[in-house]
1. Please find, within the stretch 26-59, the residue that is farthest from Ile81 (Cα to Cα) out of those that are of a type in the set (Val, Ile, Thr) and open to solvent by 30 Å² or more (accessible area, probe 1.4 Å).
2. Given the structure, is Thr67 surrounded by 11 or more Cβ atoms within 10 Å (Cβ to Cβ), among the polar types (S, T, N, Q) and farther than 28 Å from Asp111 by Cβ?
3. Identify all residues within the stretch 81-119 that are loosely packed, with under 11 Cβ neighbours inside 10 Å, in contact with a Lys or Arg (Cβ under 9 Å, 6 or more places away or on another chain) and free of Cβ contacts under 8 Å to residues at least 12 places away in the same chain; write none if there are none.
4. With the condition being touching a Gly at 6+ places or on another chain (Cβ under 9 Å) and modelled with pLDDT of 90 or more, I'd like the strands (runs of 3 or more DSSP E) fully within the stretch 1-112 carrying at least 3 qualifying residues.
5. Just checking, how many residues over the stretch 71-124 are more than 17 Å from Arg18 (Cα to Cα), under 16 Å from the mean Cα position of the chain (by Cα) and among the acidic types (Asp, Glu)?
6. Select from the stretch 1-25 the residues that are without any contact (Cβ under 8 Å) to a residue 40 or more places away in the chain, open to solvent by 40 Å² or more (accessible area, probe 1.4 Å) and within 19 Å of Asp90 (Cα to Cα) and list them in ascending order.
Amino acid sequence: MEFQSEEKTYDFYNLYARLIGFSMRRGSSSVRTNKVVRMRVLCCSKQGQYQKHSRGTPEKKRLDTRTNCEAKVVIKLFGNIYRLVEFKEDHNHELAPPSKVHRLRSQRKVDNKQKILMKNIYDS
């Protein structure tokens, strides 16, 4: 697949994540000197592991949400088009049911149509 921009790739993968039932995030990237992203990894929010705390055990322990999930998409810039070069779809955790997907962090955005509707309701 090919995309016109990194943002369009993000939006596409975020919509896919919503339909499947997981939250996604931006992972590692490679950036040119002119601040153009050459390569980007978009991954499941449960990818990887948390680092050990540098000053010992913290008083408030963080909830362990990372499970080393391997689901990801890798895009690279070819000319002025981003191409999908790698896609892994396997998750090692339970996915959110459709009734709870709207609560996931990457799915909490309010689009312009919803903003206009809320503003109109507020004004009336």
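The values are calculated or read from the model by the stated rules, or taken from the named source; none is laboratory data. Keep in mind that what you see is a predicted model, and the values were worked out from it rather than measured. When we count neighbours, we look across all protein chains shown, and the Cβ atoms used for this are built from the backbone with ideal geometry, even at glycine. Accessible surface is based on the protein model in full, side chains and every heavy atom, while ligands, DNA and RNA are left aside. Shrake-Rupley method; radii C 1.70, N 1.55, O 1.52, S 1.80 Å.
1. Restricting attention to the stretch 26-59, the residues satisfying the condition of being of a type in the set (Val, Ile, Thr) are 31, 33, 36-37, 41, 57.
Those left that are additionally open to solvent by 30 Å² or more (accessible area, probe 1.4 Å): 31, 33, 36, 57.
Working: Val31: 15, Thr33: 18, Val36: 12, Thr57: 46 Å.
Applying the filter and picking the extreme gives Thr57.
2. Working: surrounded by 11 or more Cβ atoms within 10 Å (Cβ to Cβ): yes; among the polar types (S, T, N, Q): yes; farther than 28 Å from Asp111 by Cβ: yes.
Yes: the conditions hold for Thr67.
3. Residue satisfying the conditions is His102 alone.
4. Details: elements: 24-31, 37-44, 72-78, 81-88.
The strands (runs of 3 or more DSSP E) meeting that bar are 37-44.
5. So the answer is 1.
6. Across the stretch 1-25, the qualifying residues are Phe12, Leu15, Tyr16, Leu19.
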